[in-house]
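One structure is given here, and the rest of the page talks about it.
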Amino acid sequence: MLLAKPEKLKFLISVLTLLWVAPATPAAAQAPDPWRLAADKVDPRNYYGATVANGMLGIVSSPEPFQVKSVVLAGAYDQYGRGRVSNFLNSFNLLNMYLEVDGRRLSGKDASNFRQELDMRHGSLTTTFDYADKATIKYTYYALRHLPFTVLLDVSITAKKDVALTAASVMDAPDALRDVQNYYNEIDRPHATLSLLTSSAQSSTGKLQLCASTSFLFNEAHGQEPRVIHEMWDSNMHLMKFSKALKAGQTYAYAVAGSSITSAHHPDPLNEAERMTIFARLEGRERLLSFHAKAWDDLWKSDIQIAGDAQAQQDVHSMLYHLYSFSRAGTEYSPSPMGLSGLGYNGHVFWDADLWMFPALLVLHPEIAKSLVEYRFRRLEPARHNAFSHGYKGAMFPWESADSGVEETPVWALSGPFEHHITACVALAAWQYYCVTQDKAWLREKGWPILSATADFWASRVERNGPGHYDIKNVVAADEWAENIDNDAFTNGAAQANLQAAAAAAKLLGLPADPDWALVARNIPILKMADGVTQEHATYKGEGIKQGDVNLLAYPLSIVTAPAQIKKDLTYYETRIPNEGTPAMTQAIFSLLYARLGNGDKAKLWFKDAYEPNLLPPFRVIAETKGGTNPYFATGAGGVLQAVLMGFGGLNITPAGITQSKTTLPTGWQSVKITGVGVQGKTYSVGR
């Protein structure tokens, strides 16, 4: 083929330019709703459910009409399945239902115009669809925020022509439960009969009793309540149902209230489940929804408002919604990496809670964050025993923790015996809680026992090989691809921070600090490579890394503070992250640090890379890794929120409280406003 001369190319280009007609500009795409995630096209083969949760009980949605994928309860564990360790338990599926129209039981095949919408503002999931030319159906799930063990299903059916309905509330027992007992009771009241559908079962080893109960809530405006019929199908399923004839154009509404609780939460879960359901039944739908909405309104007084990126605003609201949904004030529970969205990681508690989710919760809702440190305080004694068993002093927290506080890592995972930085992460969270709240009474009663015991651990853990060589050998790094290595950067830095925080707490409380803590902290090495880059560990040679390690020395540890060193370490390690197979938190730290360094382009690049490749349909839920399928990954959400709060927002957690530093917004963003910060509910803003 002959190539045209340059002047001929210019001529051809000019002719083509004249001939080219710009396509018609399409109507501007509708900006993402900041509070609602809608699924207008649902593919059951590529569906990752939305979770509606209240910090104690989580409901995971299904693409099948009237079905719920699972119900998860915080704090409910038993040994079953793989690993010979405690696993999260699914509770009774108490919100399944079915609907028959003119004798036909509806399924997904009968649904047209099927749509689901997650309302993050008020914690609900609404499904709507049409059934042929006969009816339009709408139902909404709530995990009631003000009632930790209670859920509500709100249903309305609008008849397009005269129809006969039969609606059922179905109670399903998960496969892992045994010795299921089913009950049906009717309590006569002056103007109605209160029907209770109740089930009880034992967990796999008999450790726990799990119970659930539901009741219909009928609308008095519809006249006399329909007669409720109970049917026992088999030992794992029973139901109650009613029938109703509707005229064309008539709308009929009813609800189902239910409660689920275990012997881990109450000594008499069977009676308590029924009591709580009766309470909800007699509170009535309007009061339940009113209190639920107010509780969510109170939560959203602490918010992040973004101008200049509508999609980021929606995504950040989703991350906040999930962290708020997976945790709760007034408990001793701490969220697992997947929160209440399922049984991922067996529901265990890792550093994911203390280092990744906790700081965002602490800044926005200290009362919720308190539950996470309470979880660790209540398990301090098992941590002391763990240290003793390994030949150390003080307290050594387990890598994976469940209800008892003992090590719950499956034996094939070396992180159990060797990923010791978790102990410093626990201590760091305790110190940060004091820093934000300035609560000296709490520090004396609960923070000091954690800080002093973990400092004693590190003082016994180091190997004293001379000045500057108090080595921490044979650990699994924060970068978990680095196993059984020496002097991991994050482990060593976190140990230093732990020792220093314990000494600072002693001074505040007027207590004697062990002088050995300061000596050890000064002599723990942070290694460097020949070119001045901080070395991840003693034998690190530039290989790919699974998670951020070195860069955590700049944030959150504030051990590396010189901007030139932070940039040098970023420039090096950002090229060591593979495109797939790594969890989402690392890129969030890159984004945070670049914002603090004043690089808005890099801040935006890594912000987007931290979660956008991990999003799954149809609700943009975050998977742990790019290409992963185990949502919702609350750890990643916690990391990204820290990028927004501490990176773009410039917030700092200091011994004097929360302060704000000058920072840089991602390119294209106009402003960030953070409301309800700290115990005083302050507002911080950053703009261009």
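The values are calculated or read from the model by the stated rules, or taken from the named source; none is laboratory data. Note that the structure is a prediction, hence the values are computed from the model and not measured. Backbone-built Cβ (ideal geometry, glycine too); neighbour counts: all protein chains shown.
Quick test for you: out of Leu320, Leu288, Leu299, pick the one residue that is aliphatic (A, V, I, L, M) and within 28 Å of Ala554 (Cβ to Cβ).
Testing whether each residue is aliphatic (A, V, I, L, M) and within 28 Å of Ala554 (Cβ to Cβ) leaves just Leu320.
Could you tell me whether any residue of segment 275-298 is within 22 Å of Thr150 (Cβ to Cβ), assigned by TED's automatic domain parsing to the domain that holds Gln642, among the aliphatic types (A, V, I, L, M) and touching a helix residue (DSSP H, G or I) at 6+ places or on another chain (Cβ under 7 Å)?
No: segment 275-298 contains no residue that is within 22 Å of Thr150 (Cβ to Cβ), assigned by TED's automatic domain parsing to the domain that holds Gln642, among the aliphatic types (A, V, I, L, M) and touching a helix residue (DSSP H, G or I) at 6+ places or on another chain (Cβ under 7 Å).
List, please: which pairs have Cβ atoms under 6 Å, are six or more places apart or on different chains, and start with a residue in segment 662-676 that is assigned by TED's automatic domain parsing to the domain that holds Gly308 and among the β-branched types (Val, Ile, Thr) and end with one that is in a loop (DSSP other than H, G, I, E, B) and surrounded by fewer than 23 Cβ atoms within 10 Å (Cβ to Cβ)?
Thr663/Gly650; Thr664/Gly598
If I filter segment 581-596 down to residues being closer than 14 Å to Gln547 by Cβ and part of a helix (DSSP H, G or I), which single residue comes out as farthest from the chain's Cα centre (by Cα)? Lay out the reasoning, then the answer.
Residues of segment 581-596 closer than 14 Å to Gln547 by Cβ: 581-590.
From what's left, part of a helix (DSSP H, G or I): 585-590.
On the way: Met585: 13, Thr586: 17, Gln587: 18, Ala588: 16, Ile589: 18, Phe590: 21 Å.
The qualifying residue farthest from the chain's Cα centre (by Cα) is Phe590.
Given Gly416, Gly391, Gly405, which one is out of contact with any Leu (no Cβ under 9 Å at 6 or more places or on another chain) and at positive phi?
Working: Gly416 fails: at positive phi; Gly405 fails: out of contact with any Leu (no Cβ under 9 Å at 6 or more places or on another chain).
Just one listed residue meets the conditions, Gly391.
Return yes or no: is Gly510 out of contact with any helix residue (DSSP H, G or I) (no Cβ under 8 Å at 6 or more places or on another chain) and of a type in the set (Gly, Ala, Ser)?
Answer is yes for this residue.
How many residues does segment 207-235 contain that are surrounded by 17 or more Cβ atoms within 10 Å (Cβ to Cβ) and touching a residue at least 40 places away in the same chain (Cβ under 8 Å)?
12
Out of all the residues in segment 487-532, which are of a type in the set (Val, Ile, Thr) and closer than 15 Å to Thr454 by Cβ? Walk me through how you get there before you give the answer.
To start, the set of residues in segment 487-532 that are of a type in the set (Val, Ile, Thr) comprises 491, 520, 524, 526.
Answer for segment 487-532, where residues must be of a type in the set (Val, Ile, Thr) and closer than 15 Å to Thr454 by Cβ: Thr491, Val520, Ile524.
Restricting to segment 537-579, and then to whatever is of a type in the set (Val, Ile, Thr) and over 18 Å from Ile422 (Cα atoms), can you tell me which residue is modelled with the lowest pLDDT?
Filtering first and then ranking leaves Ile577.
Out of the residues in segment 446-489 that are touching a residue at least 60 places away in the same chain (Cβ under 8 Å) and in contact with a Ser or Thr (Cβ under 8 Å, 6 or more places away or on another chain), state the one that is nearest to Ser371 (Cα to Cα).
Per the stated criteria, the residue is Thr454.
Somewhere in segment 147-160, is a residue among the small types (Gly, Ala, Ser) and more than 21 Å from Ala50 (Cβ to Cβ)?
Checking segment 147-160: at least one residue is among the small types (Gly, Ala, Ser) and more than 21 Å from Ala50 (Cβ to Cβ).
With a cut-off of at least 3 residues that are within 16 Å of Phe590 (Cα to Cα) and out of contact with any Phe, Trp or Tyr (no Cβ under 9 Å at 6 or more places or on another chain), name the helices (runs of 4 or more DSSP H) lying wholly within segment 484-580.
Counting at least 3 such residues, we get 563-573.
Which of (1) surrounded by 24 or more Cβ atoms within 10 Å (Cβ to Cβ); (2) within 13 Å of the chain's Cα centre (by Cα); (3) in a helix (DSSP H, G or I) does Leu320 not meet, given it meets every other one?
All conditions are met except number (1).
Quick grid of which residues meet (1) touching a Leu at 6+ places or on another chain (Cβ under 9 Å); (2) surrounded by 14 or more Cβ atoms within 10 Å (Cβ to Cβ):
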{"site": "His537", "(1), (2)": "yes, yes"}
{"site": "Gly542", "(1), (2)": "no, no"}
{"site": "Asp549", "(1), (2)": "no, yes"}
{"site": "Leu553", "(1), (2)": "no, yes"}
{"site": "Pro556", "(1), (2)": "yes, yes"}
{"site": "Ile559", "(1), (2)": "yes, yes"}
{"site": "Ile566", "(1), (2)": "yes, yes"}
{"site": "Leu570", "(1), (2)": "yes, yes"}
{"site": "Glu574", "(1), (2)": "no, yes"}
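Looking at this structure, is Leu355 over 12 Å from the mean Cα position of the chain (by Cα), outside the structural domain of Pro556 (by TED's automatic domain parsing) and either in contact (Cβ under 8 Å) with a residue 24 or more places away in the chain or over 14 Å from Pro631 (Cα atoms) (or both)?
Judged against the criteria, Leu355 is a match.
Is it true that some residue in segment 439-446 is in the same structural domain as Leu552 (by TED's automatic domain parsing), under 17 Å from Ser334 (Cα atoms) and modelled with pLDDT of 95 or more?
Within segment 439-446, one or more residues are in the same structural domain as Leu552 (by TED's automatic domain parsing), under 17 Å from Ser334 (Cα atoms) and modelled with pLDDT of 95 or more.
Is it true that some residue in segment 141-151 is in contact with a His (Cβ under 8 Å, 6 or more places away or on another chain) and closer than 27 Å to Val42 by Cα?
yes
Any chance you could count how many residues in segment 251-288 are out of contact with any His (no Cβ under 7 Å at 6 or more places or on another chain) and not in a strand (DSSP E or B)?
The qualifying residues number 25.
Could you look through segment 199-223, keep only residues that are in a strand (DSSP E or B) and hydroxyl-bearing (Ser, Thr, Tyr), and pick out the one that is farthest from Ile187 (Cα to Cα)?
Only one residue fits best here, namely Ser200.
One residue is enough: does segment 72-80 have a residue meeting the conditions more than 23 Å from the chain's Cα centre (by Cα), modelled with pLDDT under 95 and outside any strand (DSSP E or B)?
yes
Report whether or not Thr193 is assigned by TED's automatic domain parsing to the domain that holds Gly284, touching a residue at least 12 places away in the same chain (Cβ under 8 Å), exposed (fewer than 14 other Cβ atoms within 10 Å of the Cβ) and not small (Gly, Ala, Ser).
Yes: the conditions hold for Thr193.
Out of Ala293, Ala312, Ala248, Ala255, I need the residue that is in contact (Cβ under 8 Å) with a residue 12 or more places away in the chain, surrounded by fewer than 17 Cβ atoms within 10 Å (Cβ to Cβ) and out of contact with any Ser or Thr (no Cβ under 6 Å at 6 or more places or on another chain). Which one?
Result: Ala248 is the single residue among Ala293, Ala312, Ala248, Ala255 that is in contact (Cβ under 8 Å) with a residue 12 or more places away in the chain, surrounded by fewer than 17 Cβ atoms within 10 Å (Cβ to Cβ) and out of contact with any Ser or Thr (no Cβ under 6 Å at 6 or more places or on another chain).
Being surrounded by fewer than 23 Cβ atoms within 10 Å (Cβ to Cβ), of a type in the set (Ser, Thr, Tyr) and assigned to a loop (DSSP other than H, G, I, E, B), is that true of even one residue in segment 630-641?
no
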